[in-house]
Amino acid sequence: CACTTGSEEGAPVAMVCYNLYIFNRNGVCLHYREWSRPKQVKDGAGTLADDAKMMFGLLFSLKNVCTAIDPTREEKRPLGAPTPHGEGCSFRSFTTDCYKLHYLDSPSGIKIVLNTSREVGNLDKALWTIYSQFYCEHIVKNPLYTIGEPFECEQFVQKLNAFVATLS
């Protein structure tokens with residue numbers, strides 16, 4: 001997806017949605033979708049499976065670090081200790097000099113990651129829309145779907161692609 005947003009110099013900047021991952025609570029990549037990825041997976045992690053493992057490891061590590069260094073809690077959890085959903089500190093996004101990672105950790109344990117260009121604003125509502133209106137409606141409610149298994153669903157992909165295009 002691409003659109004224009006203001007840049008610091010006042011010139012329009014194209015917004016890009018690179019890719020999306022959906023993980024279950026155990027780190028299984030249930031779905032991967034790519035729209036624009038200039039750096040091929042083989043030039044980075046090597047395989048899509050390794051790429052997904054690295055992404056989930058990043059999410060797991062960041063959540064644990066956020067919880068461990070949370071300055072608002074009197075009770076500190078040791079780094080790496082399991083954190084029940086809804087407890088501890090988490091993050092919603094981070095920005096590097098190359099991209100912005102948007103993250104949703106749903107109450108069901110489903111984790112959604114959307115990588116975009118840096119200048120994109122808050123996409124919390126968009127991630128909740130992907131989770132509730134597309135994943136829950138077209139995957140979870142599908143009687144042929146086995147919970148926790150990777151999926152490919154044409155209706156889900158069509159709705160997701162159309163929605164991501166509206167973000168631009």
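The values are calculated or read from the model by the stated rules, or taken from the named source; none is laboratory data. Since the structure is predicted, the reported quantities are computational estimates derived from the model, not experimental observations. Positions of Cβ are backbone-derived with ideal geometry, glycine not excepted, and every protein chain shown enters the neighbour counts. Protein only, heavy atoms only, side chains kept; ligands, DNA and RNA dropped before computing areas. Shrake-Rupley method; radii C 1.70, N 1.55, O 1.52, S 1.80 Å.
Show which lysines lie in cross-link reach of Lys141 when reach means a straight Cα distance below 22 angstrom and same-chain residues fewer than eight apart are skipped.
Once the sequence-local lysines are set aside, what remains near Lys141 is Lys111, Lys125, Lys159.
Mind ranking Cys98, Cys17, Cys153 by accessible surface for me, highest first, 1.4 Å probe?
Working: Cys98 85, Cys17 0, Cys153 25 Å².
Ranked list, largest accessible area first: Cys98, Cys153, Cys17.
Project the alpha carbons of segment 86-168 onto their principal axes and report the range along each, largest first, in whole Å.
Dimensions of segment 86-168 along the principal axes of its Cα atoms: 42, 34, 19 Å.
I'd like the trypsin sites (Lys or Arg not before Pro) in segment 103-135 restricted to DSSP loop residues with at most 13 other Cβ atoms within 10 Å, sorted by number.
Details: sites: Lys111, Arg118, Lys125; in loops: Arg118.
Qualifying residues, ordered by number: Arg118.
Using 7 Å Cα-to-Cβ label points, what is the Asp50/Thr146 separation (nm, one decimal)?
Modelled inter-label distance: 2.8 nm.
In nm, to one decimal, how far is the Asp97 label point from the Asp43 one, both placed 7 Å along Cα→Cβ?
Calculated label separation equals 1.8 nm.
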